Amino acid sequence: MAAPMELFCWSGGWGLPSVDLDSLAVLTYARFTGAPLKVHKITNPWRSPSGTLPALRTSHGEVISVPHKIITHLRKEKYNADYDLSARQGADTLAFMSLLEEKLLPVLIHTFWIDAKNYVEVTRKWYAEAMPFPLNFFLPGRMQRQYMERLQLLCGEHRPEDEEELEKECLRGEAVPNPQLRLYQEARECLTLLSQRLGSQKFFFGDAPASLDAFVFSYLALLQQAKLPSGKLQAHLRGLHNLCAYCTHILSLYFPWEGAEAPPPRQTPANPESEEEPHRRRNQILTVLAGLAAMAGYALLSGIVSIQRAPSARAPGTQALGMAEEDEEE
């Protein structure tokens, strides 16, 4: 009997099954198709078989860590949310996916990882509280740098000094000639276009969800659910009532526990989303010891703590040897 497929993803928060965009998209697609996955919701990416999240371990032991490739593998395993789409609808899916990546993704990255208020009060706060010690001291900052690099690849060099001017001009509805300053304006237009395309339908292609719905939901749900102190784009989204109802419908239908404000009841071992960890106590002790050792080593190397030997009443040769060793340490 083949081993079950296992999905490793970021755990949930803000009323969502996962706070990570990619993890949320893969989780949603799996729920849409009913793929039999053993889900591991974790807060330490180093416990993933690939070292990154999300990651899928297939029934044959292969590890896939790119969201689009994970979904492609699920399709090969006959879990295809786009099976009933026409050729025209398939082309529309590709067009809207490209629109999301070009117009909405850069602003989402900026909103959660670049904007100073949102990063400090929401994003870094959640990851620092969720991650185990000592990873919570440096992994959020490393993730922020990775997202900054990703943003630069998507839209060129990022200019933090233009953020305030960008928001003011977007709110006035003025045309922004500089491509760097058009991020928010184009994201607002993208949301409006999605709202018009959805209309009064339950999903983008009728009464059944497709892969496009999984990605649109992951983009919109993060923006809708997070309590952002600086949320200009969030305010625009909340004014598009059909998109908000769309997210609420998917949360209540496919993630009834994760979508609730109250935490779900403790899961039993029979639940496929529970995660058995027989050596958890040992791993916690080892993590703490490794952190203490790292801090002690840093203190010694940086000179914060120094070791001084007491003078000895031994022979002059022995005392000279001890002084030579101390000079080498300095």
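The values are calculated or read from the model by the stated rules, or taken from the named source; none is laboratory data. Being a predicted model, the structure only gives us computed values, none of them experimental. Ideal geometry is used to build each Cβ from the backbone, glycine not excepted, and the neighbour counts take in all protein chains shown. When the accessible area is computed, the model is the full protein with side chains, heavy atoms only, and any ligands, DNA or RNA have been set aside. Shrake-Rupley method; radii C 1.70, N 1.55, O 1.52, S 1.80 Å.
Summary table
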read-out: Residue count for segment 1-40, restricted to those that are buried (at least 22 other Cβ atoms within 10 Å of the Cβ) and in contact with a Gly (Cβ under 7 Å, 6 or more places away or on another chain); value: 2
read-out: Count of segment 203-224 residues which are under 16 Å from PHE96 (Cβ atoms), open to solvent by less than 10 Å² (accessible area, probe 1.4 Å) and small (Gly, Ala, Ser); value: 4
read-out: Single condition VAL176 does not satisfy, out of (1) surrounded by fewer than 22 Cβ atoms within 10 Å (Cβ to Cβ); (2) modelled with pLDDT under 95; (3) within 25 Å of the chain's Cα centre (by Cα); value: (3)
read-out: Subset tally (residues that are in contact with a Lys or Arg (Cβ under 7 Å, 6 or more places away or on another chain), in a helix (DSSP H, G or I) and open to solvent by 10 Å² or more (accessible area, probe 1.4 Å)) for segment 225-251; value: 3
read-out: Close pairs (7 angstrom Cβ cut-off, 6 or more residues apart or separate chains): closer than 15 Å to PHE112 by Cα in segment 10-21, of a type in the set (S, T, N, Q) and open to solvent by less than 10 Å² (accessible area, probe 1.4 Å) anywhere; value: LEU21/SER218
read-out: Subset tally (residues that are over 17 Å from ILE64 (Cβ atoms) and either basic (Lys, Arg) or touching a strand residue (DSSP E or B) at 6+ places or on another chain (Cβ under 6 Å) (or both)) for segment 1-17; value: 1
read-out: Hits in segment 41-69 (condition: part of a loop (DSSP other than H, G, I, E, B), open to solvent by 20 Å² or more (accessible area, probe 1.4 Å) and on the phi < 0 side of the Ramachandran plot); value: THR43, ASN44, PRO49, SER50, THR52, LEU53, SER59, HIS60, GLU62, SER65, VAL66
